[in-house]
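Accompanying notes for the structure given below.
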Amino acid sequence: MRSLFRSSILSLLILAACIPVLQAASAPRLRVSANQRFLEYQDGRPFFYLGDTAWELFHRLTREEAALYLENRARKGFTVIQAVVLAELRGLDEPNPYGDLPLVDKDPRRPNERYFRHVDAIVNKAESLGLFIGMLPTWGSYWKSERREDPPIFNPTNAREFGRFLGKRYRDRAVIWILGGDHNVENDEERAVIEALAEGLREGDGGSHLITYHPRGPGFSSAMFHDARWLDFNMFQSSHGAKDHDTGLFAEHDWKLSPPKPTLDGEPRYEGTRAGYYFEGAPRYQRFDDYDVRQAAYWSLLGGACGHTYGHNSIWQMYAPPKKPASAADIPWQEALDHPGAFQMGLMRRLFESRPFTKLQPAQHMILDGPTHGGAKIRAALSEDGSFAFVYSPQGERFTINIELLRAKQKRAIWFDPRYGYVYVILIAETAGFQTYTPPTSGRGNDWVLIIEDVDKEFPLPGRR
């Protein structure tokens, strides 16, 4: 009987030892595509980076609340959740809902195991839903040395140690490392901290995960680290300064750099945020809405970005009374989950994934007539093989394009409604030369995407599987 008992215990121990291995094998991996412009899975399938900024996710939510949030984002089609381990809003001295702080005595060499078990649970939940965590090890205020009275908690030695700890702990999880934390490197001391943190992450995870950098906005990771060996793809922040701020200019900037690296907007104008809220006198009532969100997203993607990040003013901070709101948030995060911009980001992903979007290249030269600046500016992208193009008219203004750039005899033209995802086939013909298109409606909030493509490719209509 004892022999049977020992045998059963041994079998259970062997099974328990195997479980982490099975989990590790199931965790997806990402890499940069061969053309250095997009991201993809290790098996070569394209990866559309559709992020949501949930900076305070680990710090402010219970595990049940986090599950509610993550399930909502997975249903809407998001693929990446950007969250901060050492969070911005009193993240070092205000405990999480379970009473735990991330560090003992604010020492990066002494992570609190109880706090990180909470992070583990959220990371695992996200992975189970097919989501990657865009994990920021720390908000930038904790390593920043410039313009402050109290010393930062990081130096090159403990930054490397903290990076190694995180890299090892999440080596087998679905994560993307995001350094920076909304701050820019301004001196050699700060650069040394970031370099050490990156090296620590690489030592810990063995190079398993991609690394990028979230800069202060408006700004570019490429301005500081484009040539860094550890920077796999660039991230820019177009920020929250004004309506009709052309995010495509940021993507175009990075597209032109050498060597090429993928790029995307990691923090654009947030739905529900006051436009220019950090400028004195900015009106409280002038907030970005779902149209501002769509305009920023499509401009950026057609400017050459490999994906896009959405944000909501109440969700990034997980605001709910009695918490003190930041940046004039006044809607609890639970109520903000289903604001229209978040749904429309999923429609955008559906559009791009309906075509081989990793072949797209910025193609402003395709536009021969139409608004070239301001809120109505037309943007276009054309596939490298000339099989299809997307043209975005933010305010439904008419435009003329050179359709000779499409390498097709017979072409199909389709209007895609980015508000609701409806599609309208308007023409199938052997057209050539220059063609003018007038969107179905016009005015602010009446944005449209023209799809023009080679009929012989038999691409499905967006949304049809």
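The values are calculated or read from the model by the stated rules, or taken from the named source; none is laboratory data. Treat the numbers as computed from the prediction; the structure is a model and nothing was measured. Backbone-built Cβ (ideal geometry, glycine too); neighbour counts: all protein chains shown.
When you go through ASP188, ASP227 one by one, which is the residue that is closer than 21 Å to ALA34 by Cβ, more than 21 Å from the chain's Cα centre (by Cα) and not hydroxyl-bearing (Ser, Thr, Tyr)? Before the answer, list the steps.
Values: ASP188 fails: closer than 21 Å to ALA34 by Cβ.
Unique residue meeting the criteria: ASP227.
In the range 429-465, how many are out of contact with any Phe, Trp or Tyr (no Cβ under 9 Å at 6 or more places or on another chain) and among the β-branched types (Val, Ile, Thr)? Looking only at that region, the number is 2. For the range 310-320, the condition holds for no residue, the condition being that it is surrounded by 20 or more Cβ atoms within 10 Å (Cβ to Cβ), over 19 Å from ILE81 (Cα atoms) and in contact (Cβ under 8 Å) with a residue 24 or more places away in the chain. Give the number of residues within the range 307-319 that are over 30 Å from GLU384 (Cβ atoms) and assigned to a strand (DSSP E or B). Here the count works out to 1. Restricting attention to the range 256-269 and to residues that are crowded, with 20+ Cβ neighbours inside 10 Å and not aliphatic (A, V, I, L, M), the residue that is nearest to GLY445 (Cα to Cα) turns out to be ARG269. Of all the criteria given as (1) of a type outside the set (S, T, N, Q); (2) at pLDDT below 95; (3) buried (at least 20 other Cβ atoms within 10 Å of the Cβ), the one not satisfied by PHE279 is (3). If only residues of the range 415-441 that are more than 15 Å from VAL391 (Cβ to Cβ) and β-branched (Val, Ile, Thr) are counted, the one that is modelled with the lowest pLDDT is ILE428.
Condition check ((1) β-branched (Val, Ile, Thr); (2) farther than 30 Å from VAL391 by Cα; (3) outside any helix (DSSP H, G or I); (4) out of contact with any helix residue (DSSP H, G or I) (no Cβ under 6 Å at 6 or more places or on another chain)) across all residues:
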{"position": "TYR285", "(1), (2), (3), (4)": "no, yes, yes, yes"}
{"position": "TYR291", "(1), (2), (3), (4)": "no, no, no, yes"}
{"position": "GLN295", "(1), (2), (3), (4)": "no, no, no, yes"}
{"position": "PRO321", "(1), (2), (3), (4)": "no, yes, yes, yes"}
{"position": "ALA326", "(1), (2), (3), (4)": "no, yes, yes, yes"}
{"position": "ASP330", "(1), (2), (3), (4)": "no, yes, yes, yes"}
{"position": "GLU335", "(1), (2), (3), (4)": "no, yes, no, yes"}
{"position": "ASP338", "(1), (2), (3), (4)": "no, no, yes, yes"}
{"position": "GLY341", "(1), (2), (3), (4)": "no, no, no, no"}
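Selection within the range 132-175: residues that are crowded, with 21+ Cβ neighbours inside 10 Å and among the aliphatic types (A, V, I, L, M). The member of this set that is farthest from TRP55 (Cα to Cα) is ALA159. Somewhere in the range 221-238, is a residue under 23 Å from ALA376 (Cα atoms) and either among the acidic types (Asp, Glu) or touching a residue at least 40 places away in the same chain (Cβ under 8 Å) (or both)? Yes, because at least one residue in the range 221-238 is under 23 Å from ALA376 (Cα atoms) and either among the acidic types (Asp, Glu) or touching a residue at least 40 places away in the same chain (Cβ under 8 Å) (or both). Summed over the range 285-337, residues that are aromatic (Phe, Trp, Tyr), farther than 24 Å from LEU264 by Cβ and at pLDDT 95 or above total 1.
Residues are listed down the side, and each one gets a yes or a no for (1) closer than 17 Å to GLY311 by Cα; (2) basic (Lys, Arg):
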position: HIS59; (1), (2): no, no
position: GLU71; (1), (2): yes, no
position: LYS76; (1), (2): yes, yes
position: ALA87; (1), (2): yes, no
position: PRO102; (1), (2): no, no
position: ASP105; (1), (2): no, no
position: GLY130; (1), (2): no, no
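Condition check ((1) closer than 23 Å to ALA429 by Cα; (2) part of a strand (DSSP E or B); (3) in contact with a strand residue (DSSP E or B) (Cβ under 8 Å, 6 or more places away or on another chain)) across all residues:
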position	(1), (2), (3)
THR358	no, no, yes
GLN361	no, yes, yes
HIS373	no, no, no
LYS377	no, no, no
ALA380	yes, yes, yes
GLN395	no, no, no
ILE401	yes, yes, yes
ARG407	yes, no, yes
ARG412	yes, yes, yes
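Please verify whether the range 406-421 includes one or more residues that are more than 28 Å from PHE48 (Cα to Cα) and either outside the structural domain of PHE343 (by TED's automatic domain parsing) or surrounded by 15 or more Cβ atoms within 10 Å (Cβ to Cβ) (or both). Checked against the condition, which is being more than 28 Å from PHE48 (Cα to Cα) and either outside the structural domain of PHE343 (by TED's automatic domain parsing) or surrounded by 15 or more Cβ atoms within 10 Å (Cβ to Cβ) (or both), the range 406-421 yields at least one hit.
Of all the listed residues (SER145, SER128), the sole one being among the small types (Gly, Ala, Ser), without any contact (Cβ under 8 Å) to a residue 40 or more places away in the chain and out of contact with any strand residue (DSSP E or B) (no Cβ under 7 Å at 6 or more places or on another chain) is SER128. Against the list (1) at pLDDT 95 or above; (2) in a loop (DSSP other than H, G, I, E, B), the condition PRO28 fails is (1).
What's the total number of residues in the range 387-414 that are in contact (Cβ under 8 Å) with a residue 60 or more places away in the chain and more than 19 Å from THR247 (Cα to Cα)?
Going through the range 387-414, the residues in contact (Cβ under 8 Å) with a residue 60 or more places away in the chain turn out to be 387-392, 394.
Then drop every residue that is not more than 19 Å from THR247 (Cα to Cα), which leaves 387-389.
The qualifying residues number 3.
The residue that is farthest from the chain's Cα centre (by Cα), counting only those in the range 44-76 that are over 22 Å from SER383 (Cβ atoms) and part of a loop (DSSP other than H, G, I, E, B), is THR62. In the set (1) in contact with a helix residue (DSSP H, G or I) (Cβ under 6 Å, 6 or more places away or on another chain); (2) more than 18 Å from LEU50 (Cα to Cα); (3) of a type outside the set (Val, Ile, Thr), PHE116 fails one condition alone, (1).
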